[in-house]
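What follows is a short report on a single structure.
The values are calculated or read from the model by the stated rules, or taken from the named source; none is laboratory data. Bear in mind that the values here come from a model prediction, so they are computed numbers and not experimental data. Here the Cβ is made from the backbone with ideal geometry for all residues, glycine too, and neighbour counts use every protein chain on show.
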RNA sequence: CGGGGAGUAGCGCAGCCCGGUAGCGCACUUGACUGGGGGUCAAGUGGUCGCGGGUUCAAAUCCCGCCUCCCCGACCA
């Protein structure tokens with residue numbers, strides 16, 4: 001049957017099993033390139049819709065920029081290209097005879113270096129600003145080690161790129177988007193996140209600073225779920241993206257970029273799943289309610305069908321995404337199937353229920369069953385779904401709280417991560433070499449985020465000097 | 001990209017050492033019985049043995065090259 005490796009036995013195998021058996025995605029035969037199947041893509045579509053609405057409401061516009069980037073464009077911003085060089089794929093030949101191109105073209109790993117030189121045409125005056133662009137596309141990064149959704153050589157995302165007359169406005173933009181990302185993670189995916197700034201070592205190549213949202217997965221590893229970058233005038237300087245201000249002087253733009261990707265589908269799997277499979281948050285669930293009819297013979301089937309037909313239209317009108325599973329399988333198979341796929345609510349409906357005018361409601365989180373009258377079913381299910389979304393978030397929040405610690409010294413941190421995972425808050429002086437020592441000595445532990453809300457108070461965990469930053473440490477994907 | 005392992009039906013595997021008719025379980029198809037938590041029986045379908053080359057009368061099996069996947073390390077949305 002469709003056995004899934006137990007999460008407690010081997011989390012990585014569990015993840016791979018679940019992603020494939022729940023029909024989210026597969027490998028394609030070309031190393032690192034994945035096929036996203038309809039059930040997985042539908043979750044990404046829900047995320048896309050939610051985020052697209054948010055940015056449209058705040059004046060952003062979708063564009064389409066080219067897939068291939070001329071080498072000279074890519075090479076302009078020194079720090080940026082240095083950061084991305086190891087993972088850029090190049091087109092060097094084309095045509096029937098596979099002729100060598102005079103100038104190689106980079107397959108975009110991200111589009112700052114092509115949007116910059118193209119967008120400047122459309123920016124002349126301060127009246128053209130801000131220019132708030134976004135594109136939904138896929139990018140290629142030549143990773144050496146891949147995992148479905150979390151690290152594939154091609155992945156799908158949105159990349160926003162904005163250009164502003166004022167530094168303050170660009171920084172506010174980066175903050176605004178970070179807030180959207182937090183909403184996507186917490187309100188839509190039901191994954192609580194730490195929100196803050198990256199250390200210089202973890203900052204996006206070419207950025208002045210990078211803001212991040214970090215979630216905690218059920219194997220107690222952190223996952224970066226979205227980043228928003230403030231570039232200052234770095235990219236504007238490299239590509240001469242400038243405008244005439246009110247005094248008719250030339251000035252360089254201040255720019256930002258920000259992205260969330262199909263990685264978020266992996267995040268939802270790892271943040272909520274259990275030994276039976278996925279648990280999908282109702283707001284992004286392709287199927288929120290599955291109906292399993294139970295019958296013995298044709299008469300029984302007809303009776304159950306009439307009963308279900310009596311209220312399924314009402315569910316549809318109420319906007320509840322549901323499916324009636326009429327496949328010729330046994331009920332037990334169907335239960336296991338839809339649990340693996342993480343459908344939040346299930347209705348078991350047999351002749352006895354039809355007679356009683358009720359359905360059996362089964363909750364994917366608690367597995368509890370309850371008899372529910374069909375009168376007012378759509379309202380009831382709507383409330384149940386909202387409640388499910390809330391309970392799922394609270395469960396993840398408790399999980400995260402129970403695995404968030406406060407430690408003072410590097411020795412304590414090293415000892416902690418020998419035994420446990422989770423987030424460890426500590427104090428840091430800001431020295432990048434000392435940050436490297438944490439990573440080396442604690443076995444891949446990194447600074448996930450710098451707390452921007454509260455001030456550092458104690459001493460640096462490495463050197464003992466007065467700390468400048470309060471930081472969250474974790475092992476991460 | 002370094003070390004190790006593996007590619008045979010949709011999935012999981014045996015066969016390879018010692019060359020000679022391509023097999024098993026699950027899934028799938030059909031039928032019957034069944035049906036409120038992963039059923040039973042019967043009869044079937046399905047294969048360029050990862051790709052290319054070599055050795056041989058003959059290659060899934062031996063040799064060479066390549067591709068892909070998995071595990072472990074260094075780099076990463």
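Restricting to region A:16-46, count the residues that are touching a helix residue (DSSP H, G or I) at 6+ places or on another chain (Cβ under 7 Å), in a helix (DSSP H, G or I) and under 26 Å from residue A:89 (Cβ atoms).
Of the residues in region A:16-46, 3 are touching a helix residue (DSSP H, G or I) at 6+ places or on another chain (Cβ under 7 Å), in a helix (DSSP H, G or I) and under 26 Å from residue A:89 (Cβ atoms).
In region A:356-371, which residue that is within 8 Å of RNA strand B (Cβ to nearest atom) and on the phi < 0 side of the Ramachandran plot is surrounded by the fewest Cβ atoms within 10 Å (Cβ to Cβ)?
In this case the residue turns out to be A:369.
Which one of these does residue A:230 not meet: (1) away from RNA strand B (no atom under 14 Å from the Cβ); (2) assigned to a helix (DSSP H, G or I); (3) buried (at least 24 other Cβ atoms within 10 Å of the Cβ)?
Just one mismatch for residue A:230, condition (2).
Tell me, yes or no, whether region A:374-384 has at least one residue that is within 16 Å of RNA strand B (Cβ to nearest atom), outside any helix (DSSP H, G or I) and more than 21 Å from residue A:276 (Cα to Cα).
For region A:374-384, residues within 16 Å of RNA strand B (Cβ to nearest atom), outside any helix (DSSP H, G or I) and more than 21 Å from residue A:276 (Cα to Cα): present.
Looking at region A:78-106, which of the residues that are buried (at least 18 other Cβ atoms within 10 Å of the Cβ) and within 16 Å of RNA strand B (Cβ to nearest atom) is nearest to residue A:30 (Cα to Cα)?
Here the answer is A:88.
Kindly evaluate residue A:308 against the criterion of being farther than 18 Å from residue A:278 by Cβ, part of a loop (DSSP other than H, G, I, E, B) and in contact with a strand residue (DSSP E or B) (Cβ under 9 Å, 6 or more places away or on another chain).
No; evaluated as a whole, the condition is false for this residue.
Inside region A:410-434, can you point out the residues that are part of a loop (DSSP other than H, G, I, E, B) and closer than 14 Å to residue A:445 by Cα?
Taking region A:410-434 first, the residues part of a loop (DSSP other than H, G, I, E, B) are A:420-422, A:429-431.
Hits for region A:410-434 are A:420, A:421, A:422.
Considering only residues of region A:317-348 that are near RNA strand B (Cβ under 6 Å from one of its atoms) and outside any helix (DSSP H, G or I), which is nearest to residue A:189 (Cα to Cα)?
A:348
Conditions first: (1) surrounded by 15 or more Cβ atoms within 10 Å (Cβ to Cβ); (2) within 17 Å of residue A:209 (Cα to Cα); (3) more than 13 Å from RNA strand B (Cβ to nearest atom). Residue A:453 passes all but one, so which condition is the exception?
Among (1) surrounded by 15 or more Cβ atoms within 10 Å (Cβ to Cβ); (2) within 17 Å of residue A:209 (Cα to Cα); (3) more than 13 Å from RNA strand B (Cβ to nearest atom), the lone unmet condition for residue A:453 is (1).
For residue A:351, are the conditions met, namely being within 8 Å of RNA strand B (Cβ to nearest atom) and at negative phi? Lay out the reasoning, then the answer.
Details: within 8 Å of RNA strand B (Cβ to nearest atom): yes; at negative phi: yes.
Considered against the rule, which asks whether it is within 8 Å of RNA strand B (Cβ to nearest atom) and at negative phi, residue A:351 comes out as yes.
Kindly establish whether residue A:319 is modelled with pLDDT of 95 or more, within 35 Å of the chain's Cα centre (by Cα), surrounded by fewer than 17 Cβ atoms within 10 Å (Cβ to Cβ) and within 30 Å of residue A:62 (Cα to Cα).
Yes, satisfied.
Conditions first: (1) surrounded by fewer than 18 Cβ atoms within 10 Å (Cβ to Cβ); (2) within 30 Å of residue A:164 (Cα to Cα); (3) within 14 Å of RNA strand B (Cβ to nearest atom). Residue A:303 passes all but one, so which condition is the exception?
Answer for residue A:303: the failing condition is (2).
Collect the residues in region A:242-258 that are within 26 Å of residue A:227 (Cβ to Cβ) and crowded, with 22+ Cβ neighbours inside 10 Å, keeping them in residue-number order.
A:253, A:254, A:255, A:256, A:257, A:258
Being within 23 Å of residue A:180 (Cβ to Cβ), within 10 Å of RNA strand B (Cβ to nearest atom) and surrounded by fewer than 24 Cβ atoms within 10 Å (Cβ to Cβ) narrows it down to one of A:203, A:212, so name that one.
Details: A:212 fails: surrounded by fewer than 24 Cβ atoms within 10 Å (Cβ to Cβ).
Only one candidate passes the filter, namely A:203.
Which of (1) assigned to a loop (DSSP other than H, G, I, E, B); (2) within 11 Å of RNA strand B (Cβ to nearest atom); (3) at pLDDT 95 or above is the odd one out, the single condition residue A:190 does not satisfy?
Failed condition: (2).
Of all residues in region A:272-305, which are over 30 Å from residue A:62 (Cα atoms) and in a helix (DSSP H, G or I)?
Of everything in region A:272-305, those that are over 30 Å from residue A:62 (Cα atoms) and in a helix (DSSP H, G or I) turn out to be A:272, A:298, A:299, A:300, A:301, A:302, A:303, A:304, A:305.
Take residue A:265 and tell me if it is more than 13 Å from RNA strand B (Cβ to nearest atom), closer than 30 Å to residue A:146 by Cβ, in a helix (DSSP H, G or I) and touching a helix residue (DSSP H, G or I) at 6+ places or on another chain (Cβ under 8 Å). Give the steps one after another, and end with the answer.
Numbers: more than 13 Å from RNA strand B (Cβ to nearest atom): no; closer than 30 Å to residue A:146 by Cβ: yes; in a helix (DSSP H, G or I): yes; touching a helix residue (DSSP H, G or I) at 6+ places or on another chain (Cβ under 8 Å): yes.
No: the conditions fail for residue A:265.
Go through region A:353-374 and count every residue that is under 22 Å from residue A:307 (Cα atoms) and touching a strand residue (DSSP E or B) at 6+ places or on another chain (Cβ under 9 Å).
The number of residues fulfilling the criteria is 15.
How about region A:31-76: which of its residues are within 16 Å of RNA strand B (Cβ to nearest atom) and out of contact with any strand residue (DSSP E or B) (no Cβ under 8 Å at 6 or more places or on another chain)?
A:31, A:39, A:41, A:43
To keep it simple, each residue is scored yes or no on (1) assigned to a strand (DSSP E or B); (2) touching a residue at least 24 places away in the same chain (Cβ under 8 Å); (3) surrounded by 19 or more Cβ atoms within 10 Å (Cβ to Cβ); (4) within 9 Å of RNA strand B (Cβ to nearest atom).
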{"position": "A:113", "(1), (2), (3), (4)": "no, yes, yes, no"}
{"position": "A:118", "(1), (2), (3), (4)": "no, yes, no, no"}
{"position": "A:138", "(1), (2), (3), (4)": "yes, no, no, no"}
{"position": "A:145", "(1), (2), (3), (4)": "no, no, no, yes"}
{"position": "A:157", "(1), (2), (3), (4)": "yes, yes, yes, yes"}
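Test each condition in (1) modelled with pLDDT under 85; (2) in contact with a helix residue (DSSP H, G or I) (Cβ under 7 Å, 6 or more places away or on another chain); (3) away from RNA strand B (no atom under 12 Å from the Cβ) for residue A:9 and report the one that comes out false.
All conditions pass for residue A:9, except number (2).
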